[in-house]
Amino acid sequence: MNNRDVDFRIHDYLFGTPIWALGFFFFLLANPSLGESKWVQPVANLTLGIYVSHLLFFIYLSNLAGFLGFELWKKDLLVWFGTIVISTLFTYLVMKTPLRRVLFR
């Protein structure tokens, strides 16, 4: 196998994630008073659950948008807002049920 057979393309998410993370980190470092808001702590408690479940809802909503025939901005709006709202609600509801004790031992 020579070098021409190997595909060296970089995936957009893999390339962009460290750049976004550094930018967000430096933004928060420059604005330490952002964490003093009353809404930050309740949302921070849901962060792991939202992160873990968001991809599931993203995939389902993408399929739903394709099934409904949505294109371009309609599909993006449904998937983006739907993923945020549904994954947040799902995580919040799981935290309010006895399932929380099973998941977070």
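The values are calculated or read from the model by the stated rules, or taken from the named source; none is laboratory data. Remember, predicted model here, so these are calculated numbers, not experimental data. Every residue, glycine as well, gets a Cβ built from its backbone with ideal geometry; the counts of neighbours run over all protein chains shown.
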In the range 53-75, what count of residues is obtained for those that are part of a helix (DSSP H, G or I) and surrounded by fewer than 13 Cβ atoms within 10 Å (Cβ to Cβ)? 9
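Kindly evaluate W73 against the criterion of being within 13 Å of the chain's Cα centre (by Cα) and not hydroxyl-bearing (S, T, Y).
Details: within 13 Å of the chain's Cα centre (by Cα): no; not hydroxyl-bearing (S, T, Y): yes.
No, not satisfied.
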Does the range 45-52 contain at least one residue that is in a helix (DSSP H, G or I), among the aromatic types (F, W, Y) and at pLDDT 90 or above? yes
What are the residue pairs meeting all of these: first residue in the range 31-59, first residue free of Cβ contacts under 8 Å to residues at least 24 places away in the same chain, second residue surrounded by 11 or more Cβ atoms within 10 Å (Cβ to Cβ), Cβ atoms under 7 Å, and 6 or more apart or on different chains? L34/L28
Which of the residues spanning the range 85-97 are part of a helix (DSSP H, G or I) and not hydroxyl-bearing (S, T, Y)? V85, I86, L89, F90, L93, V94, M95
Going by the structure shown, is G82 part of a helix (DSSP H, G or I) and surrounded by 11 or more Cβ atoms within 10 Å (Cβ to Cβ)? yes
With the requirement that a residue be over 22 Å from the mean Cα position of the chain (by Cα) and at pLDDT 90 or above, what does the range 1-31 give you? A30, N31
